Amino acid sequence: MKISPFVSVFVIVINLIMSVVAHADTFRCAGHIIEDGMSRGEVLQHCGSPNEENHQTVNTWTYERNAGKLDIVIYFYSNGNIEKIESVHN
């Protein structure tokens with residue numbers, strides 16, 4: 001089956017767009033899996049202090065990763081548990 005060049009380009013563009021901000025259900029800190037529902041205390045215990053902390057409208061913590069890896073942004077519910085984890089370009 002032959003795929004048209006338009007379809008190929010479309011798939012590539014969609015993949016590039018999706019890679020700009022990727023939802024990451026989990027990531028690793030010091031060998032520990034960090035995932036939705038964990039508390040701030042658990043994240044601090046395994047990952048240490050975040051590189052950036054924002055308390056304006058939603059409590060977010062940012063961890064800068066090594067070169068070639070996406071940074072991690074963690075969104076917390078008001079009860080202190082993880083709501084969402086995203087991988088973002090720095």
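Observations
- Extension gain, Gln45 to Ala30, is 4.4 nm, computed as 0.36 nm per intervening residue step minus the present C-alpha separation.
- With both labels modelled 7 Å from their Cα along Cα-to-Cβ, the Thr62 to Lys84 distance reads 1.7 nm.
- Taken over region 45-90, the ratio of Cα radius of gyration to 2.2 N^0.38 Å equals 1.13.
- Net charge of Cβ neighbours under 9 Å - reference Trp61; Lys, Arg +1; Asp, Glu -1: -1
- For Arg65, the amide hydrogen comes within under 5 Å of the amide hydrogens of Asp71, Ile72, counting only partners 5 or more places away or on other chains and with H modelled in the peptide plane.
Just so you know, all these numbers are worked out from the coordinates, no wet-lab data involved. Remember, it's a predicted structure, so these values are computed and weren't measured experimentally. A quick note on method: Cβ atoms are made from the backbone with ideal geometry, for glycine too, and the neighbour counts reach across all protein chains shown.
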